[in-house]
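J.: Just passing along the structure, written as structure tokens.
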Amino acid sequence: MEIIKALDSKIEKLIHDYEKIRIENDTLRQELNELKNVNDELVRNNQDMLLRIDSAITLTKGKNSDSETDFSY
């Protein structure tokens, strides 16, 4: 009978630990998704900035060397 009680106690502890880990896992997955979204936004911003720089360089090449280029956007 004591073996059954000990096993029941261990099972309850394992179930409790599993639930804690499952909740932590869900939280970490949500944080990971949020970080992926932030990363995607930063990548888009970097691509936009590179396109603006490329456009500015292209416009500069098309102008006379005496004129000034306005890099402010």
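The values are calculated or read from the model by the stated rules, or taken from the named source; none is laboratory data. Computed from a predicted model, the values in this text were never measured in an experiment. Keep in mind that these areas ignore ligands, DNA and RNA; they rest on the heavy atoms of the full protein, side chains included. Shrake-Rupley method; radii C 1.70, N 1.55, O 1.52, S 1.80 Å.
J.: Only one of these conditions is not met by I57: (1) open to solvent by less than 100 Å² (accessible area, probe 1.4 Å); (2) β-branched (V, I, T); (3) at pLDDT 95 or above. Which number is it?
T.: The number of the failed condition is (3).
J.: Now, a different point. Looking at region 43-51, is at least one residue among the basic types (K, R), open to solvent by 100 Å² or more (accessible area, probe 1.4 Å) and modelled with pLDDT of 95 or more?
T.: Yes - at least one qualifying residue is present in region 43-51.
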